[in-house]
Amino acid sequence: MEKTFRNYEAPDVKTAVREHYRKMRRNQTYEYVQRMHKKYLTYDKPLGLWDAMESLNRLIDVSDPDLDLPNVQHLIQSAEAIRADNRPDWMQLVGLIHDLGKAMFLWGCDADGTSQAEQWGMVGDVFVVGCALPDSCVYPEFNTLNPDMQDKRYNTELGRYEAGCGLDALELAWGHDEYLYQVLKHHKGNKIPEAGMVMIRYHSFYPWHSGGSYSRLLKDSDARYLEWIRDFNRYDLYTKCTQTYELEALRSHYEPIAEKYLGKGPIYW
Ligand code: FE
Ligand code: FE
């Protein structure tokens, strides 16, 4: 309870979150996203699932006002809530790993916004790059700071996209969702079902899944994605005073599931 009180009262937490979003809006341009894809989607750095999980104990997510809870606890809590509802094993695994793209900070840097100190290229709600920023973004007053909003190619409702092109044709602000999605997509022997991959890829896309924006860019089959995301999102939200877990104690339950869907070897990031 003490933990909840302290977080609730701390005004500096709010300032940090706001500053994070200001930098994110200022720096996440279409050109920046292309550069990050080239730089980070190399699939040449081996790192096991459990080591990636441990690494998140060293990362404090600046976009998350609940600074006291290590990120790995959030992953376990999501997974355990999915398990308690008797949902499929692959969905439990998705809960456990959905934020592992934040392991990017292990090889990130301040200039890219992918480090402990600068996280605007790694965490926080994402939006589409290459078209106009909607008012459904958090802190919409920062939208005009984005250089692309002065660029005729990118500052219209459709921007560089065609109407009805569908979600998968859009490029989103660079962050942990897209990173983990691409890493797993390129992982040999990945057997996570499509719904799980969608949950990983779009869980931070709030202006779409909660804000209802970008309707002209969507296609009919995207409605299926929205159902999956809304189903998953309930488990991604957590309360601050819930139980904390020991990762090692839960390994016997999750390791066989991880091996079933991802195999035994390391993942190449
Ligand atoms: Fe996330
Ligand atoms: Fe999460």
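The values are calculated or read from the model by the stated rules, or taken from the named source; none is laboratory data. Every value quoted in this text rests on a predicted model; they were computed, and no experiment measured them. Every residue, glycine as well, gets a Cβ built from its backbone with ideal geometry; the counts of neighbours run over all protein chains shown. Heads up: the accessible areas ignore ligands, DNA and RNA and are worked out on the full protein's heavy atoms, side chains in. Shrake-Rupley method; radii C 1.70, N 1.55, O 1.52, S 1.80 Å.
Values computed for the structure shown
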{"read-out": "So Asp125, is it within 16 Å of ligand 1 (Cβ to nearest atom), surrounded by fewer than 23 Cβ atoms within 10 Å (Cβ to Cβ) and under 24 Å from Ser221 (Cβ atoms)", "value": "yes"}
{"read-out": "Candidates Gly130, Gly121, Gly113 - the one that is away from ligand 2 (no atom under 16 Å from the Cβ), more than 17 Å from the chain's Cα centre (by Cα) and over 21 Å from Ile267 (Cα atoms)", "value": "Gly130"}
{"read-out": "Subset of region 160-216 [surrounded by fewer than 20 Cβ atoms within 10 Å (Cβ to Cβ) and of a type in the set (Asp, Glu)]", "value": "Glu162, Asp168, Glu171, Glu194"}
{"read-out": "Residues (more than 12 Å from ligand 1 (Cβ to nearest atom) and either free of Cβ contacts under 8 Å to residues at least 24 places away in the same chain or of a type in the set (A, V, I, L, M) (or both)) located in region 109-122", "value": "Cys109, Asp110, Ala111, Ser115, Ala117"}
{"read-out": "Residues that are open to solvent by 40 Å² or more (accessible area, probe 1.4 Å), assigned to a loop (DSSP other than H, G, I, E, B) and under 20 Å from Gly212 (Cα atoms), drawn from region 129-157", "value": "Asp135, Ser136, Val138, Tyr139, Asn155, Thr156, Glu157"}
{"read-out": "Selected residue (only one of Ile229, Ile192 is at pLDDT 95 or above, of a type in the set (A, V, I, L, M), under 25 Å from Leu41 (Cβ atoms) and part of a loop (DSSP other than H, G, I, E, B))", "value": "Ile192"}
{"read-out": "Which numbered condition Asp99 misses (of (1) surrounded by fewer than 24 Cβ atoms within 10 Å (Cβ to Cβ); (2) within 16 Å of ligand 1 (Cβ to nearest atom); (3) not polar (S, T, N, Q))", "value": "(1)"}
{"read-out": "Test result for Asp168, assigned to a helix (DSSP H, G or I) and modelled with pLDDT of 95 or more", "value": "yes"}
{"read-out": "Matching residues in region 48-90 - criterion: being in a helix (DSSP H, G or I), touching a residue at least 60 places away in the same chain (Cβ under 8 Å) and within 16 Å of ligand 1 (Cβ to nearest atom)", "value": "Ala52, Met53, Val72, Gln73, His74, Ile76, Gln77, Ser78, Ala79, Ala81, Ile82"}
